[in-house]
1. Residues of segment 243-265 being among the small types (Gly, Ala, Ser) and modelled with pLDDT under 95, which ones?
2. Show me the strands (runs of 3 or more DSSP E) entirely contained within segment 79-177 in which 2 or more residues are of a type in the set (A, V, I, L, M, F, W, C), at pLDDT 95 or above and in contact with an Asp or Glu (Cβ under 9 Å, 6 or more places away or on another chain).
3. List every residue pair whose Cβ atoms lie under 6 Å apart, where the two residues are 6 or more positions apart in sequence or sit on different chains, the first residue falls within segment 90-106 and is open to solvent by 50 Å² or more (accessible area, probe 1.4 Å), and the second residue, located anywhere, is among the charged types (D, E, K, R).
4. Given the criterion closer than 20 Å to Cys77 by Cβ, touching a strand residue (DSSP E or B) at 6+ places or on another chain (Cβ under 7 Å), open to solvent by 10 Å² or more (accessible area, probe 1.4 Å) and at pLDDT below 95, identify the matching residue among Gly230, Gly287.
Amino acid sequence: MRFAKVATTIAAAAAALTIAASSAGAITGNYQKDFVHDYVGLLVFYTTPDPVTGDPFSHRCSGTLISPTIIVTAGHCTEGVDEGRVYFQQAAAPNYDPNAFGGWGGDPTTGYPYENGVTFSRADNYGFHDFEGYPENRDVGVVVLDQPYTPPSGLFGILPTVGAVDAYVAANPTQDTRFLTSGYGLSDQDPVPVSFRERLMAAAYLVENNSRVTPYNIKTTANPSQGKGGSCNGDSGGPVFFEGTRIIAAVVSYGMNPQCKGLDFSYRLDRAVVLAWILDPNRPDAG
């Protein structure tokens, strides 16, 4: 689903996807398959089973493993939920069948979204709630895995240092300030949703870093010209890396266009209070 605030024309860019929706699962524009970041996973969240069908599927997002048990994602992904699974395959559901799992839909070969993967039973929310306090939307969340998992590469995403985004921008002209986004969301929304349920990646260019939103969110272009790409539904919580690094500058948060075009906004992790919350094993769960 995409969250929207009509008054501000803000839509949650790359928000979670419900399995009941016609839209299903990637990065837009000039993307490529991401076999590099095997520590980026597809998160499936469960909720109270549907009273009619019994289906527990709530929504899906993307996220980054920063240690064997900790995944960083978006706050709107972890709001009101705690349980689910994570799939780290590049193609999490290559044989998706809408009739699988008794008609709930899924991939019987990978188990997505009901079997296999790595389970979790704790999801913390920094304080996101329907964009209250915008532009400080507090849109970061943490998922704690039930069992440790180390990707085949043996690598993990890396949290930024305080002020890393501003330092990066100051050291590069705007047109050369690039980030790389990875996630499992839609690849197109116009005229119909296009989903691969695959981990894809694409480069993004900074738009500017001097408006009231930029102390909290990185503002990048999602238009596909000049090799660029953007995020869409299902990419929420996915990493926005400083290009050429494993350092997570931000997590995908929202966009301004329901067709996943124009601009992307990603919640910055390079603030002391945000980093302290992520690294606190007793972090308070605000939702």
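The values are calculated or read from the model by the stated rules, or taken from the named source; none is laboratory data. Everything quoted here is computed from the prediction, not taken from an experiment. All Cβ positions, glycine included, derive from the backbone under ideal geometry; neighbour counts span all protein chains shown. Just the protein is used for accessible areas: all its heavy atoms, side chains included, with ligands, DNA and RNA removed. Shrake-Rupley method; radii C 1.70, N 1.55, O 1.52, S 1.80 Å.
1. Listed by number, the residues that qualify are Gly244, Ser253, Gly255, Gly262.
2. Strands (runs of 3 or more DSSP E) meeting the threshold: 118-125, 141-145.
3. Pairs found: Asn95/Asp107; Tyr96/Asp107; Trp104/Asp55.
4. Numbers: Gly230 fails: open to solvent by 10 Å² or more (accessible area, probe 1.4 Å).
Exactly one of Gly230, Gly287 is closer than 20 Å to Cys77 by Cβ, touching a strand residue (DSSP E or B) at 6+ places or on another chain (Cβ under 7 Å), open to solvent by 10 Å² or more (accessible area, probe 1.4 Å) and at pLDDT below 95, namely Gly287.
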